[in-house]
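For reference, the structure I am asking about is given below.
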Amino acid sequence: MLVGTIRGVDVLLPNKDELARLSSAAEPLDYVGAIAVTVGADGATWLDRTTTVSVPAENVSCVDSTGGGDAFDAGLLRAWLAGEPP
């Protein structure tokens with residue numbers, strides 16, 4: 001089962017397609033502590049057992065989206081490790 005491979009993960013950082021695939025098999029929050037899912041131009045959403053926070057993406061002109069998800073993940077992890085709230 002695909003979701004079994006994420007058991008015990010503190011923060012899962014999928015995009016919307018990856019989360020949809022995981023969610024089709026089971027409830028991912030039964031396996032991980034929190035999920036921060038990116039949804040492209042619609043921004044991102046943080047989900048855990050008690051909180052759901054959605055943030056829209058900045059309205060900018062996209063030149064090249066290469067590395068955009070990695071940059072988001074780096075910023076989120078830095079804030080999370082520093083104890084910032086979702």
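The values are calculated or read from the model by the stated rules, or taken from the named source; none is laboratory data. The structure presented is a predicted model; accordingly, all values stated were derived computationally and were not measured. Don't worry about glycine lacking a Cβ; one is built from the backbone with ideal geometry, like all the others, and counts go over all protein chains shown. These area figures cover heavy atoms from the full protein model, side chains too; ligands, DNA and RNA do not enter into them. Shrake-Rupley method; radii C 1.70, N 1.55, O 1.52, S 1.80 Å.
In nanometres, what is the gap between the two model label sites at Ser23 and Leu81, each 7 Å from Cα along Cα-to-Cβ?
2.9 nm
Tell me the relative contact order for the chain as a rounded percent, counting alpha carbon contacts under 8 Å between residues six or more apart. Write out the running numbers ahead of the final one.
Values: 99 pairs, mean separation 18.1, N = 86.
Normalised by residue count, the contact order of the chain is 21 percent.
Could you work out the helix-only [θ] at 222 nm for the chain, with each DSSP H run of four or more residues adding -39,500 (n - 2.57) and the total divided by the number of residues, to the nearest 500 deg cm²/dmol? Spell out each step's value before the answer.
Details: 2 runs with 22 residues, N = 86.
So the helix-based figure for the chain works out to -7500 deg cm²/dmol.
Sort Ser23, Ser54, Ser61 by accessible area with a 1.4 Å probe, largest first.
Details: Ser23 60, Ser54 80, Ser61 105 Å².
My answer, sorted largest first, is Ser61, Ser54, Ser23.
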